[in-house]
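J.: Attaching a single structure in structure tokens format; questions to follow.
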Amino acid sequence: MVKPTLLALSIAAACPSIVYATDSLNTAEQQDLATQLQQLKLQVEALESRLAKKSEQEAEDNDQQNIAAAEAEKPDAETAADGIEVGGAVRTNFSYTSYDEGNKNRGGDFDFDLLRLDFRGTVGDVSLNAEIRFFDYMTAVKKAYVAYQLDELWQAQLGITQVPFGNWPYNSNNYFFSSNYYLGLEDDHDLGLLFKRQLSDQWQLDIGFFKNDELGGIDGYVSDKTDRYSYDIVGARGAAEDIYGEPIQALAETNTLVSRFGYHLTQGQLTTELGFSVLSGKLHDGVRNAGDSQAYALHLNSRYQRWQLQLQHSQYQYDLDGIERIAVGAYGFYDSIAAEAKSATVNLAYDLPVQWGPVTDVQFYNNYSLVYDKSDQSRTTLMNVTGFSLAAGSLFTYIDYVHARNQPFVGGSMAGDSVEEEQRFNINIGYYF
């Protein structure tokens, strides 16, 4: 959780110059300085509220992205004493959908979502960060890595860690992420070595080498390749194959290099990160290298007072002879995506610190995603999520209205060819401990 000294330190940093100046300023100028100080306090209060949720939310809990980029990008700090802390979450979910007649007849469905356990701490100079999720239908390790602070700026992480790509740490505000998540381009976790340079001199850099996906790649000894949190390639799709079926030709990513660069600008109360990300790797069929994979993204994450704007353009390609569709797996299901496509996302959010009984923070947002120019000639995917999140002590809730076409978990598939647009009203309630 955030230490209470953050607000005090920020105001203290500003106060000496104000106190010194008031002796020589007229009343109007003093009032102007007081106004500026009040604005500073509001900014810091909003930042503290979002930072408090950082330790409680991850993945689908993507409220973390609303932290100012300069804070969100810093590598995890070591705790003062050795020891591992255990935390987690229990979540439930209500949904009412346009595409499931049974769901509509029942007036929606209220289900258990997950039980999550987090492990975090230090032993000597090495820190640990791990998370395992238990669903009704699968168990999945989201992340599990050790970290070592090489010097004041650089940290090394080894294990299952987040692939540094696009707006960080998330390119969305809502429970469903953006459509990029279902392409494996948002909140993806793989097994490898990551070097993180924290923000200094206005820029930061992440460089990673990922040997394979989190389940061990093409020869990983697991009972089900779809029992995973992150979307990854699991096979090639022939033109006649079922888009939801187990692929005939298995494939997996291997030896992937990723680099993410971010440059931070500040002008008055406006802070902006401009960045680009590049990914390049190989695809293996168990016997030989079967192809290549590439992706890049240009991204912007800007914040003004309580407003946040995120923009991102992405493009990816799986280069396989004669293959225009790829099988992916996650959450116990197979699905399909085009072997090559472009995507665009536009996210707008507003943070509102409140005191409504136990509710201390509300965030309103609208997130728009578009996936287009697909190599398999399937129709464009779109998703628009309008909603808000509520923070109330240990409870965190997303309330989302989703409007989508050819979107997973909203009645479609990335490889779908529907002209119909579907809707989903969703409430996800989590208790974090």
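J.: Given the criteria modelled with pLDDT under 95 and among the small types (Gly, Ala, Ser), does residue 238 qualify? If you could, list the steps in order and put the result at the bottom.
T.: Details: modelled with pLDDT under 95: yes; among the small types (Gly, Ala, Ser): yes.
Against the criterion (modelled with pLDDT under 95 and among the small types (Gly, Ala, Ser)), residue 238 qualifies.
J.: Something else about it: What's the number of the condition residue 384 fails, among (1) out of contact with any Lys or Arg (no Cβ under 9 Å at 6 or more places or on another chain); (2) farther than 19 Å from residue 98 by Cβ?
T.: That leaves (2) as the condition not met.
J.: Something else: If I ask for residues that are open to solvent by less than 60 Å² (accessible area, probe 1.4 Å) and part of a strand (DSSP E or B), which ones from segment 417-427 would you list? Even if it seems obvious, please write down each step before you answer.
T.: Initially, segment 417-427 is screened for residues open to solvent by less than 60 Å² (accessible area, probe 1.4 Å), giving 418, 422-424, 426-427.
Across segment 417-427, the qualifying residues are 422, 423, 424, 426, 427.
J.: Quick check on this structure: which one of 395, 370, 390 is modelled with pLDDT of 95 or more, among the aliphatic types (A, V, I, L, M) and over 20 Å from residue 113 (Cα atoms)?
T.: On the way: 395 fails: over 20 Å from residue 113 (Cα atoms); 390 fails: over 20 Å from residue 113 (Cα atoms).
Testing whether each residue is modelled with pLDDT of 95 or more, among the aliphatic types (A, V, I, L, M) and over 20 Å from residue 113 (Cα atoms) leaves just 370.
J.: Another question about this same structure. Kindly establish whether residue 414 is open to solvent by less than 10 Å² (accessible area, probe 1.4 Å) and touching a His at 6+ places or on another chain (Cβ under 8 Å).
T.: On the way: open to solvent by less than 10 Å² (accessible area, probe 1.4 Å): yes; touching a His at 6+ places or on another chain (Cβ under 8 Å): no.
In short, no.
J.: Within segment 236-259, work out how many residues are in a strand (DSSP E or B), open to solvent by less than 40 Å² (accessible area, probe 1.4 Å) and not small (Gly, Ala, Ser).
T.: Total satisfying the criteria: 4.
J.: Name the one entry in 334, 318 that is of a type in the set (Phe, Trp, Tyr), under 29 Å from residue 140 (Cα atoms), buried (at least 23 other Cβ atoms within 10 Å of the Cβ) and at pLDDT 95 or above. Show your work before the answer.
T.: Values: 334 fails: buried (at least 23 other Cβ atoms within 10 Å of the Cβ).
Unique residue meeting the criteria: 318.
J.: So which residues in segment 146-171 are hydroxyl-bearing (Ser, Thr, Tyr) and touching a residue at least 40 places away in the same chain (Cβ under 8 Å)? Reasoning before the result, please.
T.: Filtering segment 146-171 down to residues hydroxyl-bearing (Ser, Thr, Tyr) leaves 148, 161, 170.
Once the filter is applied, which keeps residues that are hydroxyl-bearing (Ser, Thr, Tyr) and touching a residue at least 40 places away in the same chain (Cβ under 8 Å), segment 146-171 yields 161, 170.
J.: Go through the residues of segment 341-358 one by one and say whether even a single one is open to solvent by 10 Å² or more (accessible area, probe 1.4 Å), out of contact with any Phe, Trp or Tyr (no Cβ under 9 Å at 6 or more places or on another chain) and under 24 Å from residue 95 (Cα atoms).
T.: Quick first cut of segment 341-358, residues open to solvent by 10 Å² or more (accessible area, probe 1.4 Å) only: 342, 344, 346, 348, 350, 352-358.
Among the residues that remain, those that are also out of contact with any Phe, Trp or Tyr (no Cβ under 9 Å at 6 or more places or on another chain) are: 353-358.
Going one step further and asking which of them are under 24 Å from residue 95 (Cα atoms), we end up with none.
Checked segment 341-358: no residue is open to solvent by 10 Å² or more (accessible area, probe 1.4 Å), out of contact with any Phe, Trp or Tyr (no Cβ under 9 Å at 6 or more places or on another chain) and under 24 Å from residue 95 (Cα atoms).
J.: Also: Mind checking which residues of segment 85-136 are of a type in the set (A, V, I, L, M), at pLDDT 95 or above and more than 22 Å from residue 426 (Cα to Cα)? Let's see the steps before the verdict.
T.: Taking segment 85-136 and keeping what is of a type in the set (A, V, I, L, M), we get 86, 89-90, 114-115, 117, 123, 126, 128, 130, 132.
Now narrow it down to the ones that are at pLDDT 95 or above: 86, 89-90, 114-115, 117, 126, 128, 130, 132.
Within segment 85-136, 86, 117, 126, 128, 130, 132 meet the criteria.
J.: Residues in segment 297-310 that are crowded, with 17+ Cβ neighbours inside 10 Å and closer than 27 Å to residue 209 by Cα: how many?
T.: Of all residues in segment 297-310, those crowded, with 17+ Cβ neighbours inside 10 Å come to 297, 299, 301, 303, 306, 308, 310.
From what's left, closer than 27 Å to residue 209 by Cα: 297, 299, 301, 310.
Residues flagged as crowded, with 17+ Cβ neighbours inside 10 Å and closer than 27 Å to residue 209 by Cα within segment 297-310 amount to 4.
J.: State all residues of segment 245-300 that are among the aromatic types (Phe, Trp, Tyr) and closer than 21 Å to residue 340 by Cβ; if no residue qualifies, say none.
T.: In the first step, residues of segment 245-300 are kept if they are among the aromatic types (Phe, Trp, Tyr); the result is 261, 263, 276, 296.
Scanning segment 245-300 gives 276, 296.
J.: Exactly one condition in (1) in contact with a strand residue (DSSP E or B) (Cβ under 8 Å, 6 or more places away or on another chain); (2) over 17 Å from residue 91 (Cβ atoms) is false for residue 132; which is it?
T.: Exception for residue 132: condition (2).
J.: So in segment 359-373, with the set limited to residues that are out of contact with any Lys or Arg (no Cβ under 9 Å at 6 or more places or on another chain) and open to solvent by less than 20 Å² (accessible area, probe 1.4 Å), which one is nearest to residue 244 (Cα to Cα)?
T.: Initially, segment 359-373 is screened for residues out of contact with any Lys or Arg (no Cβ under 9 Å at 6 or more places or on another chain), giving 359-360, 362, 364-369.
The next check asks that each one be open to solvent by less than 20 Å² (accessible area, probe 1.4 Å); those that pass are 362, 365, 367, 369.
Values: 362: 37, 365: 32, 367: 27, 369: 22 Å.
Within segment 359-373, the match that is nearest to residue 244 (Cα to Cα) is 369.
J.: How many residues are open to solvent by 40 Å² or more (accessible area, probe 1.4 Å) and assigned to a strand (DSSP E or B) if we restrict to segment 260-294? Spell out the reasoning first.
T.: Taking segment 260-294 first, the residues open to solvent by 40 Å² or more (accessible area, probe 1.4 Å) are 261, 263, 265-271, 274, 276, 278, 280, 282, 284, 286-289, 292, 294.
With assigned to a strand (DSSP E or B) added as a condition, the list becomes 261, 263, 265-267, 270-271, 274, 276, 278, 280, 282, 284, 289, 292, 294.
Matching residues across segment 260-294 total 16.
J.: With the checklist (1) touching a Lys or Arg at 6+ places or on another chain (Cβ under 9 Å); (2) of a type outside the set (A, V, I, L, M, F, W, C); (3) in a strand (DSSP E or B); (4) open to solvent by 20 Å² or more (accessible area, probe 1.4 Å) in hand, flag the one item residue 430 doesn't pass.
T.: (4)
J.: Further, regarding this structure: Within segment 87-166, which strands (runs of 3 or more DSSP E) (wholly inside it) include 3 or more residues that are open to solvent by 40 Å² or more (accessible area, probe 1.4 Å)?
T.: Values: elements: 109-123, 126-134, 139-149, 154-162.
Counting at least 3 such residues, we get 109-123, 126-134, 139-149.
J.: Follow-up question, since we're still on this one. Right, residue 396: within 21 Å of the chain's Cα centre (by Cα), open to solvent by 10 Å² or more (accessible area, probe 1.4 Å) and not acidic (Asp, Glu) or not? Step through it out loud before you land on a result.
T.: Working: within 21 Å of the chain's Cα centre (by Cα): yes; open to solvent by 10 Å² or more (accessible area, probe 1.4 Å): no; not acidic (Asp, Glu): yes.
Taking the combined requirement at face value, the residue does not satisfy it.
J.: Taking segment 201-219 as the search range and keeping residues that are open to solvent by less than 50 Å² (accessible area, probe 1.4 Å) and outside any strand (DSSP E or B), which one is farthest from residue 184 (Cα to Cα)? Spell out the reasoning first.
T.: Of all residues in segment 201-219, those open to solvent by less than 50 Å² (accessible area, probe 1.4 Å) come to 204-206, 208, 210, 212-217.
Still in the list and also outside any strand (DSSP E or B): 214-217.
Working: 214: 13, 215: 14, 216: 16, 217: 15 Å.
Here the answer is 216.
The values are calculated or read from the model by the stated rules, or taken from the named source; none is laboratory data. Note that this is a predicted model, so its numbers are computed, not measured. Backbone-built Cβ (ideal geometry, glycine too); neighbour counts: all protein chains shown. Surface areas here come from the heavy atoms of the whole protein model, side chains and all, with no ligands, DNA or RNA. Shrake-Rupley method; radii C 1.70, N 1.55, O 1.52, S 1.80 Å.
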